[in-house]
Amino acid sequence: MRSLMFRSYKCIRWLRTSMSCRVSLFQTVVLGFWLGGMAFQGGTQALAAPLNDDLRLTEIMYNPIDGDPGFEYLEFHNISASVTLDLSGCRFAQGVTFTFPAGSTLMPGGYLVLVAAPSTSNFASFRTHYGLDTSVPIVGPYTGKLSNKGEILQLLDSGGATLFQFAYGVDGNWPDRANGAGSSLELDDPLNTLPADYGNDKKWHSSKNYRGSPGKAGLSIKKSIVINEVLSHTDPPLSDSIELFNTSSTSVTIGGWWLSDFSNQNYFKYQIPAGKTLLPGEYAVYNESNFNPTPATPGPNDFSLNGAHGDEVYLMGKTAEGLIYFEDNVQFPAQKNGESFGRYPNGSGVLAPMQTLTLGAANSDPRVGPLVISELQYNPGTMLNANELEFVEIYNPTFQPVSLNNWTVGEGVNFAFPAGTTIPALECLLVVPFSPTDPSSATARTNFLSAYNLAPTTLMAGPYSGSLSNGGERIRLFRPDEPPTTEPTFYPQLLEDEVDYSDSSPWPMAADGTGQSLTRKGPTLWGDEATHWIAAAPTPGTIGAAKTPPSFETQPIKTATIGAAYRYTFSIKGNPVPTVVVENLPDWLLFDGFDTLSGTPAPGNIGVTPVITIRATSSEGEVSQQFQITVQPAATPQSGLWRVY
């Protein structure tokens, strides 16, 4: 049932179905009826039909690239094909201050832009900046400013009922290019997104249009050309390089497009020569001979890439009508000399450090580690102080200890390893949300060790700042590079490993609040691949399952029959996997070297065998199973009496 409140004489149109009524009383009237198979029941909650159904907030320009708050805007869209919306008296209660004046309407399928710019000459300054003619409806100005750090926006209808209330953001998975980098925040699918879902960062994207698209739908051009590989740390004779790749099945003309870094907020630096076309599956590589031809005396649009601090690269396209849009952009951290970052899988994935430099060809597999993030406990559950049971496990799969001086963990949580920290060969270190050595954190340390049944000698470091997101985020491990000669005290942070996990499929969802953790299947597998992880019982400080002594799970078969096949397959559990030795086997019985004894006894084997021993040994202990087999003669068929009638 839906509740409606009808006031005074207003006519109501509900769910785009022609329904009208007239109420003569100057008070709230409660109605209940059925219409078109849908029940309507009177109640006390005021709903702004059809605004709740048809009005959408579709675009937010909260941080214009120009830095001028006068170029902020909020875009509204009427998703109805037949209903005109009356916005008279609707007002913002949070975020900015504005009340829609009487007579404010939004035509079916139309757009309306609310701006901060002055209304002088029909918002001339705003229209000029965005290239809008007078056919685009604009209202305003609102007072206040949209926050560049994210904030709550709340719009009320004329009766005070909330039309939407949500918080947009700039952190986590909120689209980052919308935060001052030339895009607006654009709703993915207005027709199928309810206002209640506005607070979900997965419902928004950075606009493809440069500076957004106030007053109209944004461009929906499918990306064809990707920035596929980037090389930014290039001691001579190497040169900074950018590889483009045509992922489509058609030729694409990229002549007149631009390649740029983001220094000086200038996306229009190197313009690709006119006439350049990429065939399907073709690569094109541009280096400093193209975009930085005179490094000693660079021009205003020349650029090189920052190998020590990381950088961004943008590819700007242009439509036949002259609209400029973001075709692709990538971000990458500091790079090791000669090591590129490329998309994995080739042409479609995110950037990863490459095993080999492959400019002009398909990318290699990622370089992994050698140190890796081997386990994540991001959502221990709902117990008291659950956040203190989080951990990031780092594993050293090499045969040498590794000093963690100037190493860091970053992105989702942040931690700088103290000087003198070392991770031994083939061992793990836990990065935890408390200080393992600070007496004030003694209770947290004790609870952590107790929860996971760990020894007091378990190698731990902390505290990291922040907390691991229960919804998923990226965690990165960085190792230091040598300081640049121009910055002798700065250690560039090279990506050692990363995992961009999620609490939804294809990532193992059982790791989200059930007590299980995310466990990596192996130290040579790329960490960003969901299939390389499982949900399992947490084993902080060890790789794989907890170490346990060997034990038998089966009982031996102690009888055999002459001429009949004998087979005993035994099962032994334990971690690490134990070594198995079988002793004192009779001649007729064989061991397959794994888990099975088999053979067929002959008449001469009747009797009881010597004591057979199956011995299982590992670093965690030893267990034996001893038994004898009684070999019996074959059953003698009973004689029969034949009688002839």
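Restricting 109, 160 to those that are in a loop (DSSP other than H, G, I, E, B), modelled with pLDDT of 95 or more and out of contact with any strand residue (DSSP E or B) (no Cβ under 7 Å at 6 or more places or on another chain) reduces the list to 160.
For the residues 543, 534, the requirement of being under 30 Å from residue 614 (Cα atoms) and of a type in the set (A, V, I, L, M) singles out 543. All conditions but one from (1) farther than 14 Å from residue 226 by Cβ; (2) in a loop (DSSP other than H, G, I, E, B) apply to residue 348; the one that does not is (1). The condition (being open to solvent by 30 Å² or more (accessible area, probe 1.4 Å) and under 22 Å from the mean Cα position of the chain (by Cα)) is satisfied by just one residue among 432, 368: 368. Residue check: residue 427 meets all listed conditions (1) open to solvent by 50 Å² or more (accessible area, probe 1.4 Å); (2) acidic (Asp, Glu); (3) closer than 20 Å to residue 511 by Cα; (4) touching a Leu at 6+ places or on another chain (Cβ under 8 Å) but one, namely (3). Can we say residue 586 is in contact with a helix residue (DSSP H, G or I) (Cβ under 8 Å, 6 or more places away or on another chain) and either under 25 Å from residue 632 (Cβ atoms) or buried (at least 16 other Cβ atoms within 10 Å of the Cβ) (or both)? It is true that residue 586 is in contact with a helix residue (DSSP H, G or I) (Cβ under 8 Å, 6 or more places away or on another chain) and either under 25 Å from residue 632 (Cβ atoms) or buried (at least 16 other Cβ atoms within 10 Å of the Cβ) (or both). Kindly establish whether residue 416 is at pLDDT below 95 and either more than 17 Å from residue 497 (Cβ to Cβ) or in contact with a strand residue (DSSP E or B) (Cβ under 9 Å, 6 or more places away or on another chain) (or both). No. You will find that of 524, 489, 457, the residue that is farther than 28 Å from residue 332 by Cβ and either open to solvent by 50 Å² or more (accessible area, probe 1.4 Å) or modelled with pLDDT under 95 (or both) is 457 and no other. For segment 106-123, which positions are open to solvent by 20 Å² or more (accessible area, probe 1.4 Å) and either of a type outside the set (Val, Ile, Thr) or under 40 Å from the mean Cα position of the chain (by Cα) (or both)? Result: 107, 108, 109, 111, 116, 118, 119, 121, 122. For segment 588-605, what are the residues that are more than 16 Å from residue 557 (Cα to Cα) and touching a residue at least 12 places away in the same chain (Cβ under 8 Å)? Result: 594, 602, 603, 605. Between 450, 467, the distinction of being under 24 Å from residue 537 (Cα atoms), under 25 Å from the mean Cα position of the chain (by Cα) and surrounded by fewer than 18 Cβ atoms within 10 Å (Cβ to Cβ) belongs to 467 only. Would you confirm whether any residue within segment 124-141 is within 30 Å of residue 171 (Cα to Cα), open to solvent by 50 Å² or more (accessible area, probe 1.4 Å) and in contact (Cβ under 8 Å) with a residue 12 or more places away in the chain? Checking segment 124-141: at least one residue is within 30 Å of residue 171 (Cα to Cα), open to solvent by 50 Å² or more (accessible area, probe 1.4 Å) and in contact (Cβ under 8 Å) with a residue 12 or more places away in the chain. A Cβ distance below 7 Å, combined with a sequence gap of six or more or placement on separate chains, defines the contacts here; from segment 148-164, residues that are over 10 Å from residue 91 (Cα atoms) and in contact (Cβ under 8 Å) with a residue 12 or more places away in the chain reach residues that are small (Gly, Ala, Ser) and not in a loop (DSSP other than H, G, I, E, B) in the pairs 150/167; 151/167; 152/167.
Selection of first residues in segment 612-638 that are closer than 17 Å to residue 595 by Cα and of second residues that are among the basic types (Lys, Arg) and open to solvent by 30 Å² or more (accessible area, probe 1.4 Å), restricted to Cβ pairs under 6 Å at least 6 apart or on distinct chains, gives the following pairs, ordered by first then second residue: 624/615; 627/558.
In the set (1) open to solvent by less than 20 Å² (accessible area, probe 1.4 Å); (2) free of Cβ contacts under 8 Å to residues at least 40 places away in the same chain; (3) more than 29 Å from the chain's Cα centre (by Cα), the condition left unmet by residue 169 is number (3). Report yes if residue 361 is open to solvent by less than 60 Å² (accessible area, probe 1.4 Å), among the aliphatic types (A, V, I, L, M) and more than 19 Å from residue 501 (Cα to Cα), otherwise no. For residue 361, the condition - open to solvent by less than 60 Å² (accessible area, probe 1.4 Å), among the aliphatic types (A, V, I, L, M) and more than 19 Å from residue 501 (Cα to Cα) - is met.
The values are calculated or read from the model by the stated rules, or taken from the named source; none is laboratory data. Computed from a predicted model, the values in this text were never measured in an experiment. Please note: Cβ atoms are built from the backbone with ideal geometry, for glycine as well, and neighbour counts cover all protein chains shown. What goes into the accessible areas is simple: the full protein's heavy atoms, side chains included, and nothing from ligands, DNA or RNA. Shrake-Rupley method; radii C 1.70, N 1.55, O 1.52, S 1.80 Å.
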